[in-house]
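The values are calculated or read from the model by the stated rules, or taken from the named source; none is laboratory data. Here the structure is a predicted model, which means the values were calculated and not measured. In this analysis, Cβ positions are derived from the backbone assuming ideal geometry, glycine residues included, and neighbour counts consider all displayed protein chains.
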Amino acid sequence: MKIAHITAGAGHMYCGSCLRDNALAAALLDAGHDVVLIPTYTPTRAEGRDVSLDRVYMGGINVFLQEHVPLFRKTPRFLNRLLDAAPLLRLATRRGVSVEPARLGRLTVSMLRGADGTLRRTVLELVEFLTADVAPDIVNIPNSLLIALAPAIKAALRVPVVCTLQGEDAFLDGLGEPYRSEAIGLIRQYAASVDAFVAVSRFGADRMSGYLGIDPRRIHVVPIGIDVSGYARANLDAEPFTIGYLARVAPEKGLHILCEAYRRLRAQPGLPPSRIWAAGYLAPEHKPYLADIRRQMQSWGLTDDLHYHGALDRDGKLAFLQNLSVLSVPAPLAGQKGQFLLEAMASGVPVVQPRHGAFIEVVERTGGGILVKPDDPDSLAEGILELWRDSARRKALGSAGYDGVRAHYGLTQMVEAVLPLYRDLAGRGSR
């Protein structure tokens with residue numbers, strides 16, 4: 001079976017969706033399948049082996065220029081290829097890319113118009129490549145924001161199209177009106193051209209079914225899997241007690257909530273030395289957010305207790321996790337993934353998470369942590385304090401998470417979950 005996986009690059013950012021797409025493609029290749037991973041927007045940034053093509057389609061520079069400068073919708077193809085060149089795109093994104101939905105409403109809607117809009121040329125170039133150079137048995141689109149590719153692909157290739165759902169509801173909600181309504185309307189319109197949807201969690205399947213008006217029977221759950229090689233057990237007795245945060249540094253991920261909970265922890269009498277270690281991508285527009293958190297910590301007399309380690313590559317992440325006593329990413333809104341939980345638990349680090357979204361199913365399935373009230377610094381502080389004081393329970397949860405990730409969230413499990421769907425669709429052909 002030949003599988004074309006499209007992925008949406010995020011410049012120099014380590015993107016959870018990109019990592020998942022690359023990991024799945026690599027695992028399918030290792031299982032003996034013919035897989036082509038095709039980057040769009042920018043080159044992907046993978047951890048370890050990158051199996052994506054060198055060529056980028058629908059490159060971010062091209063998309064921007066064609067949307068805002070009509071002349072570039074008619075430029076020679078060689079110029080488009082030059083603008084889509086991976087080295088140029090890496091150079092253009094080396095200082096970071098904006099992930100702020102409010103700034104991307106117009107472009108998002110244009111992308112969702114697909115071959116019927118101003119970006120028709122870039123869409124058809126990708127479809128032409130799939131037709132002439134790949135000839136797949138099945139095509140996977142990485143998220144619903146690229147769902148407008150589905151009708152063009154089906155018309156040209158006559159093969160089944162799968163669309164993965166990876167938590168784009170939060171992005172869509174941030175677009176503002178009229179773009180949000182337009183975008184959701186276009187996604188619902190093109191959903192009929194998709195043969196099956198894949199959600200990365202049961203919560204995600206239920207959420208997106210209602211959000212996008214998709215029949216729940218058309219959504220299949222394929223939980224995220226991670227490559228657990230290289231993850232060793234952390235020493236949970238090491239001092240000082242270290243509370244880890246491993247996610248994008250942005251309000252929606254809740255670093256400010258963690259710091260507020262930490263302030264309340266430090267007010268407890270008799271506690272030993274401690275610290276917060278944070279790591280993750282910091283977008284240009286969120287630098288003031290981190291600066292505000294630093295000022296707040298300073299006002300509490302805790303300046304030296306917060307250490308930001310930047311965005312980490314795989315080796316850096318593995319080393320980072322070895323120093324943690326517990327991990328918490330107290331996102332105030334319910335999310336659909338939580339890959340950082342799997343990475344922490346793969347190192348035997350217990351987690352303390354809000355009781356909402358996919359966090360519930362990951363923690364309950366692995367047994368690797370405890371759940372607290374969402375958006376509640378007091379509840380979060382109580383949960384962390386419980387594990388701080390009870391070393392035996394901390395180790396028991398860490399051990400359960402270490403085993404639970406390997407039993408339920410490895411690459412093998414992800415491949416075993418998706419292959420029956422691919423085989424069934426490829427056997428039935430395009431509808």
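Here are some residues: M58, M13. Which one is assigned to a strand (DSSP E or B) and modelled with pLDDT under 90? It is M58.
All told, Q413 meets the bar of being touching a residue at least 40 places away in the same chain (Cβ under 8 Å) and either part of a helix (DSSP H, G or I) or buried (at least 23 other Cβ atoms within 10 Å of the Cβ) (or both). Can you find a residue that is crowded, with 18+ Cβ neighbours inside 10 Å, out of contact with any strand residue (DSSP E or B) (no Cβ under 7 Å at 6 or more places or on another chain) and over 25 Å from A358 (Cβ atoms) anywhere in the range 165-179? Within the range 165-179 (the criterion being crowded, with 18+ Cβ neighbours inside 10 Å, out of contact with any strand residue (DSSP E or B) (no Cβ under 7 Å at 6 or more places or on another chain) and over 25 Å from A358 (Cβ atoms)), the answer is yes, since at least one residue qualifies. Only one entry of R365, R264, R294 meets the criterion of being farther than 17 Å from A247 by Cβ, charged (D, E, K, R), assigned to a helix (DSSP H, G or I) and touching a residue at least 60 places away in the same chain (Cβ under 8 Å), and that entry is R264.
In the range 374-420, of all residues being more than 26 Å from the chain's Cα centre (by Cα) and of a type in the set (A, V, I, L, M), the one that is nearest to L271 (Cα to Cα) corresponds to L385.
The criterion of at least 2 residues that are more than 29 Å from L411 (Cβ to Cβ) and either aromatic (F, W, Y) or assigned by TED's automatic domain parsing to the domain that holds A250 (or both) is met, among helices (runs of 4 or more DSSP H) falling completely within the range 122-223, by 179-190. Looking only at residues in the range 247-298 that are of a type in the set (A, V, I, L, M) and loosely packed, with under 13 Cβ neighbours inside 10 Å, the one that is farthest from G338 (Cα to Cα) is A267.
Just one residue in the set S299, S328, S274 is among the polar types (S, T, N, Q) and over 30 Å from V228 (Cβ atoms); that residue is S299.
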